[in-house]
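Each value in this text was obtained by applying a stated rule to the coordinates, not by laboratory testing. Keep in mind the model is a prediction, meaning the values are calculated, not measured. All Cβ positions, glycine included, derive from the backbone under ideal geometry; neighbour counts span all protein chains shown.
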Amino acid sequence: MQQRLFPFSAVTGPHHQHAGGAAHDRDPVAPRPSGRTQEPIAGVGTANDRDPVAPRPWRTTILVILGIVIIAALLIWFGQPPGGVSATTRPAPAAQPTLATPNAGNLHAAEAVLLDTLANYHRAETEAAALLTSAPLLPYLDPTGPFAQRRLAQLAERQRRNAPHRSILVRWGIGAITVDGDTATVVTQETWSNQEAGAVAPEQATVRVMYMLRWDVGVGRWLIVASEQMGV
């Protein structure tokens, strides 16, 4: 470490003359040594020996960097989920869109229309049996299907014999319903009460029936194409 020697005291002793010299030939006044040299304190200077105060740009830079580090640490801390982030933490999978069953709404609507067709057909059967006419049945039968041909033939035979009867659907239940495009099948269990003219009491019979239907675009409804009775 470089040491600086402080100047001696500013107080000087009396002037002296060189021998035989005049006043204007006097030597300049020089300070007398005090006989004791003052050693400077390491790292400390006098007021005249200190460097002037200068700005410290590196201090500002350190403070700015320290502030950025603290803010970043706080953001990371508050952004963690409860319990911290572990190695096993994985981002939540993206929500997958719910896949709707194709034509699910149309399927339920078709089933409702099918059941409405059969309910109307059952009421038409009661009217056709009492009046011996096929007119009430025609809106619900496919005229080219085997069911219409068989049912019209049965009514024609009763008309020939003039044998009206009382036929009423007492109750019915719905089984399997299958819709495939413009065709459908419906399974029902039906209990009918039938009373011939002149009979003392009606008779009841329960049957299982599978109806085959098709959608007719021209009339905008399901038509019964065929039916098959099954054992109960």
Would you mind ranking 215, 58 by Cβ crowding within 10 Å, fewest neighbours first? 58, 215
Can you give the percent of C-alpha pairs in region 130-175 whose distance is more than 13 Å? 63 percent
Can you compute the modelled spin-label distance between residue 210 and residue 155, with each label point 7 Å from Cα toward Cβ, in nm? 2.7 nm
Quarter of the surface of the C-alpha convex hull for region 172-212, i.e. direction-averaged projected area in nm², equals 3.5 nm²
Points 7 angstrom from Cα along the Cβ direction at residue 182 and residue 68: gap in nanometres? 7.4 nm
At 0.36 nm per residue, and after removing the present C-alpha to C-alpha distance, how many nm does the segment from residue 200 to residue 221 gain when stretched out fully? 3.6 nm
